[in-house]
Amino acid sequence: MRNRERIECIENSLIPLIRRVPALSDEDRKDMTELAVHAEWGIAFENMCAQLGEYDAVLTRELHEEIVRVGRMCGVEPRTWENLDESVEQGR
């Protein structure tokens, strides 16, 4: 994948993910989206995971899988999202 295609792929995955995570405040979403738009994907992703952990967010299995997929795409260390593993709703 060429660099521009990779950038578009990440932006087209990370920004919608930030927008659909229900536990984030509007201000958090705005800040994280701004970072992502300026190619600071890792920081945006790390901030999102940190906030979800801080808010003790409960995640659906589907949303958790999307977080893992986007994290890998962004090249972020797995430990960034591994703290969210226990936040997945059981049975979903």
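The values are calculated or read from the model by the stated rules, or taken from the named source; none is laboratory data. Only a predicted model underlies this, so the values are computations on that prediction, with no experimental measurement involved. Virtual Cβ from ideal backbone geometry, glycine too; neighbours counted across all protein chains shown.
Worth a mention:
- Flag if A39 is outside any helix (DSSP H, G or I), modelled with pLDDT under 95 and surrounded by fewer than 15 Cβ atoms within 10 Å (Cβ to Cβ): yes
- Residue selected from the stretch 1-36 under the condition small (G, A, S) and not in a helix (DSSP H, G or I), by the criterion surrounded by the fewest Cβ atoms within 10 Å (Cβ to Cβ): S25
- E34 charged (D, E, K, R), farther than 12 Å from E11 by Cα and modelled with pLDDT of 95 or more: no
- Residues that are assigned to a helix (DSSP H, G or I) and polar (S, T, N, Q) were ranked within the stretch 67-92; the one that is modelled with the lowest pLDDT is S87.
- Cβ-Cβ distances below 9 Å connect the following pairs, each with a first residue in the stretch 15-33 that is under 23 Å from V88 (Cβ atoms), a second residue that is aromatic (F, W, Y) and surrounded by 11 or more Cβ atoms within 10 Å (Cβ to Cβ), and a separation of six or more residues or different chains: L17/F45; I18/F45; A23/Y55; L24/Y55; S25/Y55; M32/F45.
- Whenever a residue of the stretch 46-62 is within 13 Å of D85 (Cα to Cα), its partners that are surrounded by 13 or more Cβ atoms within 10 Å (Cβ to Cβ) and β-branched (V, I, T), lying with C-beta atoms within less than 7 angstrom and at least six residues away or across chains, give the pairs C49/T80; L52/V21; L59/V88; R61/V88.
- Among the numbered conditions (1) modelled with pLDDT under 90; (2) surrounded by 13 or more Cβ atoms within 10 Å (Cβ to Cβ), the only one that H64 does not meet is (1).
- Per-region count, the stretch 37-62, residues of a type in the set (A, V, I, L, M) and farther than 22 Å from E8 by Cβ: 5
- Here M73 fulfils each of the conditions (1) under 20 Å from C9 (Cβ atoms); (2) free of Cβ contacts under 8 Å to residues at least 60 places away in the same chain apart from (2).
- Checking I43 against (1) farther than 18 Å from M73 by Cβ; (2) without any contact (Cβ under 8 Å) to a residue 12 or more places away in the chain, the condition it does not meet: (1)
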